[in-house]
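Right, one structure below, let's go through it.
Each value in this text was obtained by applying a stated rule to the coordinates, not by laboratory testing. Quick caveat, the model's predicted, so the values are computed rather than measured. Using ideal geometry, Cβ is built from the backbone for each residue, glycine included, and neighbour counts are taken over all protein chains shown.
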Amino acid sequence: MNGLKRFLVIFISIALSFLLQNIVFPRIPNLIAVPNLMLISVLSTGFLFGKAYGLLSGVICGLLLDILGSGIPGFYTLILSLLGYGDGMLSEHMDSELIPVLYVLLLVNELIYHVYVFIFAFLIRRSYTLWPYIRKVLVPEVLLTMVIFLLVYGLLIYIARKWDLKVNKGEVKVV
C-alpha cells in the first residue's frame, strides 16, 4: 500500500508541476522567468524516496517535456532521469532534514541542467551566446526555482508524514 501511495504522490506532484510550469506560470504577466518545477519534483522525489523513484520521476518529467516539444526525442528525459537517480543516490548518504544542503543540491542540479541545455540546445546550433543566456535565462530561473523549492518540498514532506510514507534517512524536519 505504501508503494501505491508513493506513486500517487509522485504522479500528483509531476502533474501539478507540469501544469504550473507549462500552462499557468507562462501566462502570468511581468514574470521574468518560469521556475523549473519539474526539476524540483525530480529532486524532491529522488531525495525523499530514493534512486528508483528519482529515476522514475525523472523519466516521466523528461518524457512530458520531450512531448511538449524539445525537438530531440529523449533530450529532457536523459538529463532529468540522471539527475533524479543521482539525487536518490545522494539521499542514501545524507539526512533529508538538512534544508541548506538541499538548496546546494538544487543549485548544482540547476547548473548541470542548464549547462546540458546550453551546450546541446543552443551552442551546437550556434544560436545563443553564453552571457545573455546566463543573464536572461539562468539567473532568473534559478532564483525563482530556489524561492519556490521550499514550498514544494515542504508540501511533499507534509504529505509524506500525513500518509505515513517512509522517507530516506528517517523522519524529515524542516529547519
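Which order do the peptides 55-65, 17-27 take when ranked by the mean count of other beta-carbon atoms within 10 Å per residue, highest first? Walk me through the numbers before you get to the answer.
Numbers: 55-65: 23.1, 17-27: 14.9.
Highest mean packing first, the order is 55-65, 17-27.
Between Leu155 and Phe122, the FRET efficiency from the beta-carbon distance, with R0 = 41 Å, is close to 0.80.
Based on the alpha-carbon gyration tensor of the range 2-162 and its eigenvalue square roots a ≥ b ≥ c, which shape applies: rounded if a/c is under 1.5, prolate if not and a/b is larger than b/c, or oblate? Prolate, because a/c is 1.5 or more and a/b exceeds b/c.
Of all lysines in the structure, the ones whose alpha carbon falls short of 24 Å from that of Lys166, not counting any fewer than 8 places away in one chain, are Lys5, Lys51. What value, in deg cm²/dmol to 500, does the helix sum -39500 (n - 2.57) over DSSP H runs of n ≥ 4 give at 222 nm once divided by the residues of the chain? It lands at -21500 deg cm²/dmol. Among residues other than Tyr113 with Cβ under 15 Å from its Cβ, the summed charge is -4 (Lys and Arg +1, Asp and Glu -1).
What net charge is computed for the residues neighbouring Ser13, neighbours being all others with C-beta under 13 Å from the C-beta of Ser13, Lys and Arg scored +1, Asp and Glu -1?
Details: positive: Lys5, Arg6; negative: none.
Once all neighbours under 13 Å are counted, the net charge is +2.
Note on Tyr133 and Leu31: the model spin-label points, each 7 Å out from Cα along the C-beta direction, lie 2.4 nm apart.
Working from Cα pairs under 8 Å separated by at least six residues, relative contact order for the range 2-162 is 24 percent.
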